[in-house]
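The structure under discussion appears below in the form of structure tokens.
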């Protein structure tokens, strides 16, 4: 009699070659496309608007709705992966993503384009949470450094490469953007085949878990409302009552979600368990690192689009950023199983402060200093976001991994992708300018530096008061027995009696 797959759905012969390489490819092919498109969209928006017969602002609004769907999808992925078989869920959501990219490439109206953006955004966020856990916990601990490099490069290498590829696609004009999105649909189809063949299976951990409709409703409002508000800024302005109402209501719903999850008996996001030194420090580090990266890229792209040179030259000018991410990803893989992991993260915190500082003192006008600045920012993002996520995730039991990733990505997406357009428009208003110019960019960078400094100080305060020196992650018991890889101290342990 033929054996069945652990998920009890399909025969073993279809899944006889579970492999690390196939799983890694499927995970990266699932994660990269949406983040790639996020980094490129501002440069290819004029081509898209021409192809759809609409304005650039409508394309921007559709893109922000997709980003909101990404944040919502991250939380839903953390919920669904506990209640449904992981591989079956991956295949279903990846098929949804593949369909979404196909619709995007064939869209001939802004409404269909917006619907497809929401589809690929939701699938992208959910796939991040569904695809990463098998890569980290289903294979021997010796694979962790390779996984660290791939995840780090996949997450931020894609965003960093976005402007480069966006410049090339924009130069193609015409239907270039359609081929760009169609390529992601083809990649998704290949990822489906790889996942069906190589992704590890297993039953769901909590198949009888009840649906937390309150948390889902609050998350939907916390993502839909503020991202809609950001998309409406070109139409109504940042200070319009409608935009402010949507922003405040959405952020209020996010705060209500955090409180709800803290007191919930079966939370989607493990807020209570995350209140230890390394988990909270990791969340702060990942959020501020991603925030600096996304804000600087958006600000520089907006500013330099109005300067001399074509869109291809603009896109190619961001190549040092990708190099910085690659360097950080390589170092992350080298130190992840050593006591140098924490100093590496601290170097990332220093870099995300130094990058905007270099831009403020000459990097906006001097090409050489600009290249150095964005290299440092790329390195800083690579040394903070994925390492911060790791710090949070492995400081808690492995059973909470999906929930931790969902919690961090939801928080990071809301904070990171809202900050940039708000800062840019507020700086433009402060200088009474119709577009972002040099004085406004300087102001935005100054505010960004102030916020970043506060975040860095908070992370350092947590570490100093945590009563713990350099630590080494113990991945073997984390994978085998589900125990935390870090012995994380209680919050402010040094100050407790």
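The values are calculated or read from the model by the stated rules, or taken from the named source; none is laboratory data. Bear in mind that the values here come from a model prediction, so they are computed numbers and not experimental data. Backbone-built Cβ (ideal geometry, glycine too); neighbour counts: all protein chains shown.
You will find that of 286, 334, 328, the residue that is under 17 Å from residue 35 (Cα atoms), in a helix (DSSP H, G or I) and assigned by TED's automatic domain parsing to the domain that holds residue 472 is 286 and no other.
Tell me, which residue of the range 13-58 that is modelled with pLDDT of 85 or more and in a loop (DSSP other than H, G, I, E, B) is surrounded by the most Cβ atoms within 10 Å (Cβ to Cβ)? Result: 54. All conditions in (1) in a helix (DSSP H, G or I); (2) surrounded by fewer than 20 Cβ atoms within 10 Å (Cβ to Cβ) hold for residue 129, with the sole exception of (2). Could you identify the single residue in 402, 371, 354 that is assigned to a helix (DSSP H, G or I), closer than 30 Å to residue 275 by Cβ, touching a residue at least 24 places away in the same chain (Cβ under 8 Å) and out of contact with any strand residue (DSSP E or B) (no Cβ under 7 Å at 6 or more places or on another chain)? Going through 402, 371, 354 in turn, the sole match is 402.
Of the residues contained in the range 263-278, one or more are found to be free of Cβ contacts under 8 Å to residues at least 60 places away in the same chain, under 25 Å from residue 77 (Cβ atoms) and assigned to a helix (DSSP H, G or I). Listed conditions (1) over 24 Å from residue 457 (Cβ atoms); (2) surrounded by fewer than 22 Cβ atoms within 10 Å (Cβ to Cβ) are all met by residue 258, apart from (1).
In the set (1) modelled with pLDDT of 90 or more; (2) assigned to a loop (DSSP other than H, G, I, E, B), the condition left unmet by residue 61 is number (2).
Among the helices (runs of 4 or more DSSP H) confined to the range 147-252, the ones with at least 3 residues that are at pLDDT 90 or above are located at 176-198, 213-236. Please tell me if residue 429 is in a helix (DSSP H, G or I) and at pLDDT 85 or above. The answer is no for residue 429.
If you check 419, 381, 458, which single one turns out to be farther than 22 Å from residue 258 by Cβ and assigned to a helix (DSSP H, G or I)?
Numbers: 419 fails: farther than 22 Å from residue 258 by Cβ; 458 fails: farther than 22 Å from residue 258 by Cβ.
The match here is 381.
Can residue 124 be described as in contact with a helix residue (DSSP H, G or I) (Cβ under 9 Å, 6 or more places away or on another chain), outside the structural domain of residue 234 (by TED's automatic domain parsing) and buried (at least 23 other Cβ atoms within 10 Å of the Cβ)? Here the answer is yes, as residue 124 does meet what is asked. Being exposed (fewer than 14 other Cβ atoms within 10 Å of the Cβ) and modelled with pLDDT under 90 is the filter; apply it to the range 447-482 and report the residue that is nearest to residue 57 (Cα to Cα). Per the criteria, the residue is 464. Does residue 361 meet the test of being over 17 Å from residue 149 (Cα atoms) and either over 20 Å from the mean Cα position of the chain (by Cα) or outside the structural domain of residue 375 (by TED's automatic domain parsing) (or both)? Yes. Of note, residue 116 satisfies the criterion of being without any contact (Cβ under 8 Å) to a residue 24 or more places away in the chain and buried (at least 19 other Cβ atoms within 10 Å of the Cβ).
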